[in-house]
């Protein structure tokens, strides 16, 4: 086999989120990719998608994104691989995504050979692995029980590269895969073409997020693959990749950036190298190692907890704001007398979210002092819709009319912006299965059956367009350049972290972890913060009110000029009492950390 040299195009980080048509067609026509690969999966939105069997995006959004992809597939003979169809990758969503492909083919007159990959794991199979001691938590979660398996509304398993490899052997035009490890489809396409495993998986870990590693953050990306390296180029002429921006990508949503575990192995990035190429926009990456481990796959499952009703209103009276905690607790006690089942189980709960004090960060908030006005959102979960509404209605009216010490305003305590005041928020779920199971040799493929079908339109397909771009667009791609981003000017005196860092952010790392990143745009700023030893476990414990065993990772990552800390999530992601579903607003305490002056002790 000749050494591999081919390109892969990914239009965006999530099928259905949209992309620029001119960027896409420039990528197709200029780079002539061997494959268009796009991931569709995420647990970011919480457990409701799997619980309610809902896709991440609308049918219209998927049809829009797929239309150009399938046109390129048909006319340019480019393979199309889709992972985690519909978001959760359930078998139902694989079938639904396949129906979108078929609808477009019928409408346009295309003819495709389509392979689907589904999940054949059964509950008895999973329970037997529990009995055999072949099941373990994936992160800070409890051991899985047979009861958890029985109560789950649905359970999916993240496939690795092997099912995609088996499907590619059948030479389909399109592969629609079920729930998959995000980089699996990317890695599989490379592995069958002779790319080294470390290179294939490292590329997949970056490209599955589209153009996020570009500067400024982009959407569409081209990867040029060789046996021992890959090169990344944004499809927007106004974006570029840099060694630091590419190295930094493995910080994103990860527990730690240098060890990335997945099905069948761990990607080690200690020896990875990042080289800027002469065009000023492309980065070559090499040196990652894929270290095989006993084969495990991740299970994801959700349990229904009940029905949720919410209400929201404002409080401006400073007399009430000053005693808001005791006031709301008095309302709770009163409501518990009316509904004795309230707060006895996780299926029947009242939770207050006090905006303007600590609604976003809850127990992590270091400065929970209320402002001149606050908003209270009441969240009530109960086994039935009727009971949820009844409790919420009584809570809201009690907040409106309950007495408090020093009360002067006797007409009401609560400014309601909405009518009706109570809002149905639907079913509520929790992630009850987030575990790894050990596989026997061969099961990594056999547990994910492949089916092949032909889809075709009833009319002849239109001729391929000579180009989808105007002369002006071709000129723009050839001549436009990224706008230089000036390096942050930093005082030599004491500064706040927000004045020296380029990026300060937070994000989920799976449903049970929250990860914090600080990145710098100069080696000098990075070394200054690192040498000051500002971000120790003791500092994090003080800022976020966490204990030692809540801190999973606290490390510096030199290739990205970055610091990372990952902690246990103190509340269930996307479930009862959620404060920040994606985890994107937990970084604020880091902004004001003081960095000492240069040369100070």
Could you tell me the distance between the Cα centroids of the range 162-204 and the range 295-321, to the nearest Å? 37
Give me the distance between the Cα centres of the range 1-53 and the range 71-87, rounded to whole Å. 8
Can you list, bin by bin at 10 Å, the percent of alpha carbon pairs in the range 20-141, starting at 0? 11, 35, 30, 15, 8, 1
To make sure I understand, if each residue's beta carbon is the centre and we count other beta carbons within 10 Å, what order do 203, 555, 52 fall in, fewest to most? 555, 52, 203
Roughly how far apart, in whole Å, are the Cα centres of the range 519-594 and the range 88-113? 42
Could you check the spin-label model distance between residue 410 and residue 255? Points 7 Å from the Cα along Cα→Cβ, value in nm. 6.0
Contour minus Cα-Cα span, residue 400 to residue 479, at 0.36 nm per residue, comes to 22.2 nm
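For the chain, what is the mean residue ellipticity at 222 nm derived from helices alone (per DSSP H run of n ≥ 4: -39500 (n - 2.57); sum divided by total residues; nearest 500 deg cm²/dmol)? Show your work: numbers first, answer last.
On the way: 18 runs with 170 residues, N = 601.
That comes out to -8000 deg cm²/dmol.
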Under a point spin-label approximation (7 Å from Cα along Cα-to-Cβ), what is the residue 467-residue 132 distance to one decimal in nm? 5.8
If only Cα atoms are counted, what is the Rg of the range 126-265, and what is its Dmax, in Å? 17.8, 55
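At 0.36 nm per residue, and after removing the present C-alpha to C-alpha distance, how many nm does the segment from residue 273 to residue 581 gain when stretched out fully? Write out the running numbers ahead of the final one.
Numbers: separation 308, 0.36 × 308 = 110.88 nm, distance 3.43 nm.
So the extension gain works out to 107.5 nm.
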Using the Cα atoms of the range 495-595, I'd like the radius of gyration and the largest Cα-Cα distance, Dmax, both in angstrom. 13.5, 44
Which entry in [x] 75, 51, 49; [y] 89, 64, 53; [z] 82, 63, 55 is this structure's computed Cα extents along the principal axes in Å? [z]
Placing each pseudo-label 7 Å from Cα in the direction of the beta carbon, residue 346 and residue 266 end up separated by a distance in nanometres of 2.9
Give me the number: length gained by fully extending residue 498 to residue 52, i.e. 0.36 nm times residue separation minus the C-alpha to C-alpha distance, one decimal in nm. 156.5 nm
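Given a Förster distance of 45 Å, report the FRET efficiency between residue 107 and residue 446 from their Cβ-Cβ distance, rounded to the nearest 0.05. Could you put the intermediate results ahead of the total?
Working: r = 36 Å, r/R0 = 0.80.
After rounding, the FRET efficiency stands at 0.80.
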Where Rh is the Kirkwood radius over Cα pairs, Rg/Rh for the range 548-587: 1.07
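Ranking 202, 249, 372 by Cβ neighbours within 10 Å, fewest first, what do you get?
Working: 202 30, 249 21, 372 8.
In increasing order of surrounding Cβ atoms, one gets 372, 249, 202.
Restricting to bridges with both residues inside the chain, how much of the DSSP beta-bridge set is antiparallel, in percent to the nearest 5? Could you put the intermediate results ahead of the total?
Details: 95 of 110 bridges.
Antiparallel: roughly 85 percent of the beta bridges in the chain.
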Please order 300, 96, 494, 253 by the number of other Cβ within 10 Å, starting at the fewest. 494, 96, 253, 300
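D for the range 110-178, whole µm²/s, Stokes-Einstein with Kirkwood Rh over alpha-carbon pairs at 37 °C and 0.692 mPa s: what number? If you can, show how the numbers build up before the last one.
Values: Rh = 14.4 Å.
My calculation gives 227 µm²/s for D.
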Compute log10 of I(q)/I(0) for the range 304-431 with the Debye formula, placing one identical point scatterer on every Cα and leaving out solvent, at q = 0.11, 0.15, 0.18, 0.21 Å⁻¹, to two decimals. -0.37, -0.70, -1.00, -1.29
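Given a cut-off of under 8 Å on Cα pairs at least six residues apart, what relative contact order in percent is computed for the chain?
Numbers: 1329 pairs, mean separation 107.4, N = 601.
Across the chain, relative contact order equals 18 percent.
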Treating the angle as unsigned and between 0 and 90°, give the value, to the nearest 10°, between the Cα long axis of helix 385-401 and the longest Cα principal axis of the chain. 50
Return one number: the angle in degrees, 0 to 90 and rounded to the nearest 10, between the long axis of the Cα atoms of helix 91-108 and the longest principal axis of the Cα atoms of the chain. 50
On Cα atoms only, tilt of 523-532 relative to the major axis of the chain in degrees: 40
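No lab work stands behind these numbers, since they all come straight from the coordinates. Note that the structure is a prediction, hence the values are computed from the model and not measured. A quick note on method: Cβ atoms are made from the backbone with ideal geometry, for glycine too, and the neighbour counts reach across all protein chains shown.
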